[in-house]
Amino acid sequence: MKIKPSTARRIAVVTALTAAAVAFVWVYAARRDFFDLRIYVSALRWWADGHPLYDYAQPDRVQGELYFTYPPFAALLLRPFAAVPVGFTIGFFCVFTVAAVAVAAWWLTAPVADRRGLPRWLLAGLLFPVALAVEPTRETYFFGQINMLLVLLILADFGYAVPRRWFWAGAGVGLATAIKLFPGIFILYFLVTRRWREAAVSGGTAVVATLLAAAVAPRDSWQFWTASLFSTERVGRTDYTGNQSLQGLLARLVAPEEPAKALWLVLALAVTGFGMWRAARAFQAGDDLSGVTLTGLVGALVSPITWPHHVFWFVPALVVLVDSGRRRDLALAGGTLAVALYGVNTFIDWGVAAEPTRTVGDFVLRNLYVLAALALIALLPARRGARGPVS
């Protein structure tokens, strides 16, 4: 079958962009040697040998000591990797991450392609190299993080289950919350958009998964929920530049001192209130993807610790902005893409000392994600009549 010239050109463009993205990642991505994944595997093997999971500690030159910080349900899911060679685990996570980025690109662009009469593969093929090249994905890949699993669970809910009102709608958010508490912000999104059943299902799923883990590992579950969860030093230094949250911004201003908790709480409540109000307005306008994106960005800002791999939500923001097509939105898309490509850790080594932010330039560079997320929460449009992430 002969390929049309227009199709051939489109294939060539997608291929060239993908090759450019792979080359960019290969040359410029920070080589993390799957550092986080190796810690997980070591902690899980320690656990399999009969030791308390949350007692595992590994020295680190930046953070002092690093621990297994995920809830017990995540440990149960990851436990089988303690029994296989670490090379197999790394390979599995690499393939899964790339495949998950491709699936997310398809889900995010399919409704736009259908509405505009374009081939789904074309828009997904254009977004895939962009999503692959941004720092949140690069850090997910080279640290060996599980962030893309959470993204897929959340998008599966909002793209498939929720629009069709399937009986399990909300379960994806619930499972993601049980794996890593951060996605619990999407339960709040269900509540502010008055989707009571989905909120109940997501909350119930998180509780059931947590109780299942407690039944299998009662001692470790007790330790996590009564002690380890509240030991913030287990997660990392709040002032470290990689922490792109409101608390990280405040901590970098006064390092090595601790920022005022009251100030952080006021800012977090203000951002949550305004951001979730805007998310609810976006949903009311028919743009659930904009609402989901705003919610993810709010979660990134108000979480005490937000590493770059947590902020994949810049990618759906790009879809919303480009699809909007207004000059202001296209300019904001360009700025968002520049921030996400440059990142905060890839091109600058901020060292290990707890140094305060002293100049305006350092303030901007050390808080790029925070500032970009705040701008998007204020300016991300709601596309009238747009459908959810996946049709």
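Where a number appears in this text, it was derived from the coordinates with a stated rule and is not lab data. Everything numeric here is computed off the predicted structure, so don't read it as measured data. Quick reminder, even Gly has a Cβ in these numbers, built from the backbone with ideal geometry, and neighbours come from all protein chains shown.
Work out the FRET efficiency for residue 61 and residue 6 from their Cβ-Cβ distance, taking R0 = 45 Å, and round it to the nearest 0.05. Walk me through the intermediate numbers first.
Numbers: r = 53 Å, r/R0 = 1.19.
The computed FRET efficiency comes out at 0.25.
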Answer with one residue from 111, 132, 160: the one whose Cα lies farthest towards the positive end of the charge dipole of the chain, charges on Cβ with Lys, Arg +1 and Asp, Glu -1. 111
Which of 78, 249, 297 fluctuates most in a GNM of the chain (C-alpha springs under 10 Å)? That residue is 78
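In nm, what is the difference between 0.36 nm times the number of residues separating residue 229 and residue 115 and their Cα-Cα distance?
Working: separation 114, 0.36 × 114 = 41.04 nm, distance 4.45 nm.
Result for the pair: 36.6 nm of gain on full extension.
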Quick check on the exposure proxy: order 309, 51 from fewest to most C-beta atoms within 10 angstrom. 51, 309
Residues with amide H under 5 Å from that of residue 66, placed H, sequence gap 5 or more: 58, 60
Please find the FRET efficiency linking residue 45 to residue 211, where r is the Cβ-Cβ separation and R0 is fixed at 22 Å, and quote it to the nearest 0.05. 0.30
For the chain, calculated [θ]222 nm from helices alone, where every DSSP H run of n ≥ 4 adds -39500 (n - 2.57): -20500 deg cm²/dmol
Which order do 258, 139 fall in if you start with the one that has the fewest other Cβ atoms within 10 Å? 258, 139
From a point 7 Å beyond the Cα of residue 274 in the direction of its Cβ, which residues of region 302-327 have a backbone N at a distance under 15 Å? 302
For the chain, what is the relative contact order in percent, using Cα pairs closer than 8 Å and at least 6 residues apart in sequence? 20 percent
What does the charge count near residue 322 come to, summing +1 for each Lys or Arg and -1 for each Asp or Glu among other residues with Cβ under 15 Å from its Cβ? +3
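Using a simple charge model, +1 on the beta-carbon of Lys and Arg, -1 on the beta-carbon of Asp and Glu, nothing else, what dipole does region 10-379 show about its Cα centre, in debye to the nearest 20? Write out the running numbers ahead of the final one.
Working: 29 positive and 23 negative charges, 209 e Å.
With only Lys, Arg, Asp and Glu charged at Cβ, the dipole is about 1000 debye.
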Can you order the peptides 151-158, 190-197, 265-272 by their average number of other Cβ atoms within 10 Å per residue, highest first? 151-158, 190-197, 265-272
Return the label of the correct value of mean projected area of the Cα convex hull in nm², as calculated from the structure shown, out of [x] 18.2; [y] 21.8; [z] 20.2. [z]
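Once the other residues with Cβ under 13 Å from the Cβ of residue 255 are scored (Lys, Arg +1; Asp, Glu -1), what is the net sum? Don't jump to the answer; show the numbers that get you there.
Values: positive: 237, 252, 358, 366; negative: 239, 257, 258, 355, 362.
Around residue 255, the charge tally is -1.
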Choice from 235, 27, 298 showing the highest fluctuation, given a GNM over the chain with Cα pairs closer than 10 Å: 27
Charge dipole of the chain built from unit charges on the beta carbon (Lys, Arg +1; Asp, Glu -1), centred at mean Cα; most positive-end Cα among 317, 88, 44 is 317
